[in-house]
1. For the chain, what Kirkwood radius comes out of the mean inverse Cα-Cα distance, in Å?
2. Cβ under 12 Å from Ala16's Cβ, Ala16 left aside: what net charge do those residues give with Lys, Arg +1 and Asp, Glu -1?
3. Which loop-located trypsin sites (Lys or Arg not before Pro) does segment 40-90 contain, where loop means any DSSP state but H, G, I, E or B and the Cβ has at most 12 other Cβ atoms within 10 Å?
4. Per the helix-only calculation at 222 nm, which mean residue ellipticity applies to the chain, given -39500 (n - 2.57) for every DSSP H run of n ≥ 4 and division by its residues, nearest 500 deg cm²/dmol?
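What follows is calculated from the coordinates using simple rules that are stated; it is not laboratory data. Treat the numbers as computed from the prediction; the structure is a model and nothing was measured. As a convention, Cβ positions derive from the backbone with ideal geometry for all residues, glycine included, and neighbour counts pool all protein chains shown.
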Amino acid sequence: MQVWHQVREVLNLHNAIPTNLFRLLDWWLNKRSGVHSWQRKGFDSAFMLVSWKIWKECNERVFARSPPKDASQLLHEIIQEGQLWCASGAKHLAAISWP
């Protein structure tokens with residue numbers, strides 16, 4: 001959940017992030033309904049990007065026996081991946097001012 005809190009700060013999301021996965025999904029669905037329609041796809045892309053990178057990190061720990069990354073390392077990778085997405089044409093992600 002530390003990664004989610006850091007993402008919230010980077011993206012200037014003002015609502016607190018829940019502390020468990022099920023509430024996180026509810027938070028996302030609730031929060032996206034309050035996002036302007038032109039930003040909603042970008043918000044969804046950001047949510048999916050962060051979820052995917054966390055999932056990949058878990059798989060690396062389990063299956064590749066990689067040493068765990070701390071939250072700031074993972075956040076850095078998430079930001080870099082998002083920048084690659086934006087450079088590759090993810091205009092909706094860029095529209096939410098991805099760092």
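1. Taking the inverse mean of 1/r over all distinct Cα pairs, the chain comes out at 14.0 Å.
2. Surrounding charge for Ala16 is +2.
3. Here the sparse-neighbourhood loop sites are Arg65.
4. So the calculated ellipticity at 222 nm is -23000 deg cm²/dmol.
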